[in-house]
Amino acid sequence: MNIQAIQTGVSGEISLQNRIVSAALLGLAGLGLLFLVGFAHGPENTLHNAAHDTRHAFTFPCH
């Protein structure tokens, strides 16, 4: 039985520019999420309360 290797055109290397762009976009998404959750005030701020309860569940001090 012959087993042949399958070659793809994808290399395992990622350029420095792609890594920087990915890190910047991920950082912006994280900051956006923190901003939305942190300042989610209104008549029913369930998003803020859920994040608050989750922080307490993981014993992370939040105030």
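Every number in this text was worked out from the coordinates using simple rules, so none of it is lab data. Not measured: the values here are computed from a predicted model. We place every Cβ from the backbone using ideal geometry, glycine too, and count neighbours over all the protein chains shown.
List of remarks:
- Rough spin-label spacing in nm, given labels placed 7 Å along Cα→Cβ, for residue 50 and residue 19: 3.5 nm
- For segment 27-34, backbone phi angles converted through the Karplus equation (6.51, -1.76, 1.60; θ = phi - 60°) give residue-by-residue couplings of x, 5, 5, x, 5, x, 5, 4 Hz, Gly and Pro being listed as x.
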